[in-house]
Amino acid sequence: STQSDARDQILQALLGIVLLLGAFLILYTINPNLTNLAPVTLNSASGPGIGAGTGSSGSSGGWGTGGGVQGAGGTFGGGGASSCYGSNCYSENIAAAAFAYQGANTSGGPGNGTVACAWAVNNALTNAGVAPLDSTSVQSMENALVSGRGTLVDQSAAVAGDIVIQAQDGHVGICMNNGCTQVISNSSSKASFSWISDTSFAPSYSGGPGRIYQVNKG
């Protein structure tokens, strides 16, 4: 009858509620977080890496291959993996050393730090366990790179830790990220290893994009 059918539906509904409550109690007993109905946010995946940004300006970016090392004013990291790491160049070691050297006082260098770009880069290389690139002359540094110490690479293939040479204007720095859109070098006005620029070292220099070299092992 209709009355009997209605009674059965009510009983089934009550049974369903009891089952739901039972399941809730079981889950809550196992782990209260299992009953949390808040939406889940998924983080985007990234590779292993060193990280980006700048200690002086805190700008974003990345040098390395994802994740990373947190530094004052920024994080060095983010970006794709490089085949250079762990194989035929020192880029990863140089990147870490440059990060640690960031903000260092260069007044002990040539011109009391006003013409100490090559000197500062050589200090970063030494800190990375890499032999300095010849003298404190930018041109002689590039000569050393061309003569076997380095491999000329296109900017699209550059990684953090590669060396940027602007021989026409006589300046040198170190790539901060994959693709080398950010370069750290000596600041003449501050006498510190803290100037963040592009590969042209604009606007202080006007010689156009510098050449990028990966420092070779052996």
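Assorted remarks:
- Count of the range 174-195 residues which are part of a strand (DSSP E or B) and open to solvent by 40 Å² or more (accessible area, probe 1.4 Å): 1
- Filtering the range 101-136 to residues that are small (Gly, Ala, Ser) and under 23 Å from the mean Cα position of the chain (by Cα) leaves 103, 104, 118, 120, 124, 128, 129.
- Residue that is surrounded by the fewest Cβ atoms within 10 Å (Cβ to Cβ) [pool: residues in the range 196-218 that are in a loop (DSSP other than H, G, I, E, B) and at pLDDT 90 or above]: 209
- Close pairs (9 angstrom Cβ cut-off, 6 or more residues apart or separate chains): on the phi > 0 side of the Ramachandran plot and touching a residue at least 24 places away in the same chain (Cβ under 8 Å) in the range 121-140, assigned to a helix (DSSP H, G or I) and open to solvent by less than 60 Å² (accessible area, probe 1.4 Å) anywhere: 129/97
- Taking first residues from the range 198-209 that are more than 15 Å from residue 138 (Cβ to Cβ) and among the acidic types (Asp, Glu) and partners that are part of a loop (DSSP other than H, G, I, E, B) and open to solvent by 20 Å² or more (accessible area, probe 1.4 Å), the Cβ contacts under 8 Å between residues at least 6 apart in sequence or on separate chains come to 198/181; 198/182; 198/209.
- All of (1) open to solvent by 10 Å² or more (accessible area, probe 1.4 Å); (2) under 24 Å from residue 104 (Cβ atoms) hold for residue 171 with one exception: (1).
- Residue tally, condition touching a residue at least 12 places away in the same chain (Cβ under 8 Å), crowded, with 16+ Cβ neighbours inside 10 Å and at negative phi, over the range 150-165: 11
The values are calculated or read from the model by the stated rules, or taken from the named source; none is laboratory data. Source: prediction; values computed, not measured. Heads up, the Cβs are rebuilt from the backbone with ideal geometry, glycines too, and the neighbour counts pull from every protein chain shown. Accessible surface is based on the protein model in full, side chains and every heavy atom, while ligands, DNA and RNA are left aside. Shrake-Rupley method; radii C 1.70, N 1.55, O 1.52, S 1.80 Å.
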